[in-house]
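Here's the structure, in structure tokens; my notes come after.
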Amino acid sequence: TIKAIGNLNDIELAQGIKGAASWHADYSKSAYIFFGNLDYRMNEGDVVIVFSQFGEIVDCRLVRDQITGKSKGFGFLAYEDQRSTI
């Protein structure tokens, strides 16, 4: 979860962990990005249209409420080329 990631970041800062020792190093070449603060009425198609201006999208995961199925306004997407994430 996002809270758990924040905790990992706090631990690394407190211990002075940097570079290859950081968990960030494992994902430095990842083509995935986090997106958030979206209008709850947006769907996966809307997200792809907005973000496709930066590169070809190969995966889009809009996080939804398990009970209602409504968007929670955030998610993750992957580009074909990692350079699109910069």
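Against the list (1) loosely packed, with under 11 Cβ neighbours inside 10 Å; (2) at negative phi, the condition residue 16 fails is (2). Residue 53 meets each of the listed conditions (1) open to solvent by 90 Å² or more (accessible area, probe 1.4 Å); (2) touching a Gly at 6+ places or on another chain (Cβ under 9 Å) apart from (2). If you go through region 26-44 and keep only what is open to solvent by less than 40 Å² (accessible area, probe 1.4 Å) and either farther than 16 Å from residue 83 by Cα or of a type in the set (Phe, Trp, Tyr) (or both), you end up with 35, 36, 38.
The values are calculated or read from the model by the stated rules, or taken from the named source; none is laboratory data. Predicted model only: the values in this text are computed from it and were never measured. Cβ: placed from backbone, ideal geometry, glycine included. Neighbour counts: every protein chain shown. When the accessible area is computed, the model is the full protein with side chains, heavy atoms only, and any ligands, DNA or RNA have been set aside. Shrake-Rupley method; radii C 1.70, N 1.55, O 1.52, S 1.80 Å.
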